[in-house]
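Please treat every number below as a calculation from the coordinates, not as lab data. Here the structure is a predicted model, which means the values were calculated and not measured. We place every Cβ from the backbone using ideal geometry, glycine too, and count neighbours over all the protein chains shown.
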Amino acid sequence: MNKAYNNSHQAVYGINKFADLTQEEFKAQYLTGLKRNGCMRKQHFASAVTPKDLKSLGIPQKFDWREKGVLTGIRNQESCGACWSFSVVETMESMYAITYKSNFSTPELSVQQLIDCDYDNSGCKGGDICKAAVWAHLNGVVNESLYPLTDQSDNCKTPPVSVPRIYVADYACDSFQGQEIEMLKLLAQHGPIAVAVDATTWHNYIGGIIQFHCSSNINHAVQIVGYDLTGDVPYYIIRNSWGADFGDHGFIYIKYGENLCGLTVEVSHLNVTDYQ
């Protein structure tokens, strides 16, 4: 294990579950899952607001949805390039738990249903988080127990209309480049969000905060579930879909404020219905 820099906050890289893959093999197996479709609705423009102004805006310095009991367990997409489905379905699960608190449970919804049935995307060969939100708005997503994850593309097994499902009620796909304060507000006051990222340099990631050498050539999709601005290095909390044995029990940390890994380029936030 080698630390990239002496600072204890820095990302640590070394031997992990992907160590036996070359960079080219890693890209081919895990970073082919994102296809942008250019359906962005709104561009958030930069303002003079700084993290010091958060209190006046009613935004906490630290917020972590992991502590609120609204996340399901870490999934593993294996070599199926359907990160687009994982990130959107997991955001639906979280928003259901936040919205319908009286139900005291976070549902596990079917990632596989979108992989097989969302024909506007390409299953394990890639897709777009905005298109996935549109599909879930029109079709709804059933529980994972009724349509289990196989981590491979298959024929769509359309659930009967009588089977209850959760729909995306409304959604937006925005760009927050230069306006990450607005992303903090969205995270703290609304819920987790699905974002596109460049995960090329995550190949040998073990832990710590990524602060350098992460471009915005997006090729992967994840879920942002919180942030922490209280330390020397402010950061986002990222939920990945490469298993709990990757990073910090499935999570990764990226420095706030510099659009590192392109995480402000394509952001999807949504609301969901109850079961229908």
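With point charges of +1 on the Cβ of Lys and Arg and -1 on the Cβ of Asp and Glu, referenced to the Cα centre of the range 2-272, which listed residue (ALA194, SER145, TRP84) lies farthest in the positive direction of the dipole?
ALA194
Sum up the charges of everything whose Cβ sits under 11 Å from the Cβ of VAL88, counting Lys and Arg as +1 and Asp and Glu as -1, but leave VAL88 out. The partial results should precede the final answer.
Values: positive: LYS131; negative: GLU90, GLU93, ASP118, ASP128.
Summing Lys/Arg as +1 and Asp/Glu as -1 gives -3.
With springs only between Cα atoms under 10 Å apart, run a GNM on the chain and tell me which of ILE15, ILE115, ILE74 wobbles the most.
Of ILE15, ILE115, ILE74, the most mobile in the Gaussian network model is ILE15.
Along the charge dipole of the range 2-272, pointing to its positive end and built from +1/-1 on Cβ of Lys, Arg, Asp and Glu, which listed residue (THR22, GLN113, VAL161) has its Cα farthest out?
Farthest towards the positive end: VAL161.
Would you list which aspartates and glutamates come within 14 Å of LYS17, measuring only between C-alpha atoms, while excluding same-chain residues fewer than 8 positions from it?
Excluding near neighbours in sequence, the set is GLU25, GLU78, ASP245, ASP248.
Which residue fluctuates most in the GNM of the chain (Cα springs below 10 Å): THR22, THR201, THR264?
THR22
Sort ASP232, ASP170 so the one with the fewest other Cβ atoms within 10 Å of its own Cβ comes first.
Lowest count first: ASP232, ASP170.
I need LEU138, LEU34, LEU54 ordered by Cβ neighbour count within 10 Å, fewest first. Walk me through the numbers before you get to the answer.
Values: LEU138 11, LEU34 22, LEU54 17.
The most exposed by this proxy come first: LEU138, LEU54, LEU34.
Evaluate the distance, in nm, between pseudo-label points positioned 7 Å from the Cα of ASP274 and of GLN23 along their respective Cα→Cβ axes.
5.3 nm
For the chain, with the dipole built from +1 on Lys and Arg beta-carbon atoms and -1 on Asp and Glu ones, taken about the Cα centre, which of ALA244, VAL265, ILE129 lies farthest toward the positive end?
VAL265
As a test of the formula, what do you get for the chain when each DSSP H run with n ≥ 4 contributes -39,500 (n - 2.57) and the sum is divided by the residue count, at 222 nm and rounded to the nearest 500 deg cm²/dmol?
It lands at -5500 deg cm²/dmol.
Please report, ordered by residue number, every helix of the chain (full DSSP H runs) that is 18 Å or longer along its axis going by C-alpha atoms and whose mean Kyte-Doolittle hydropathy reaches -0.5.
Helices passing the filter in the chain: 83-99.
If you filter the range 65-126 for chymotrypsin sites (Phe, Trp or Tyr not before Pro), then keep DSSP loop positions with at most 12 other Cβ within 10 Å, what is left?
Sites meeting the loop and neighbour criteria: PHE104, TYR119.
Under the √(5λ) rule applied to the eigenvalues of the Cα gyration tensor, what semi-axes describe the equivalent ellipsoid of the range 87-166? Give them in Å, descending.
Values for the range 87-166, descending: 21, 14, 11 Å.
Run the dipole for the range 176-276 about the Cα centre, Lys and Arg Cβ at +1, Asp and Glu Cβ at -1, nothing else charged, and hand back the magnitude in debye, nearest 20.
In total the dipole reaches around 40 debye.
For the range 94-228, I need the span (max minus min coordinate) of the C-alpha atoms along each principal axis, in Å, sorted largest to smallest.
49, 36, 27
Can you sort VAL89, VAL134 by how many other beta carbons sit within 10 Å, fewest first? Mind showing how you got there, number by number?
On the way: VAL89 30, VAL134 20.
Ascending Cβ contact count within 10 Å gives the list VAL134, VAL89.
Might you report the magnitude of the Cβ-based charge dipole of the chain about its Cα centre, with Lys and Arg at +1 and Asp and Glu at -1, to the nearest 20 debye?
Charge dipole of the chain: 460 debye, to the nearest 20.
At 0.36 nm per residue, minus the direct Cα-Cα distance, what do HIS137 and ASP154 gain on full extension? Give it in nm, one decimal, please.
Extra length available between HIS137 and ASP154 comes to 4.0 nm.
Pick from GLY127, GLY262, GLY81: which residue has the top mean-square fluctuation in a GNM of the chain where Cα pairs under 10 Å get a spring?
In this elastic network of the chain, the residue with the biggest mean-square fluctuation among GLY127, GLY262, GLY81 is GLY262.
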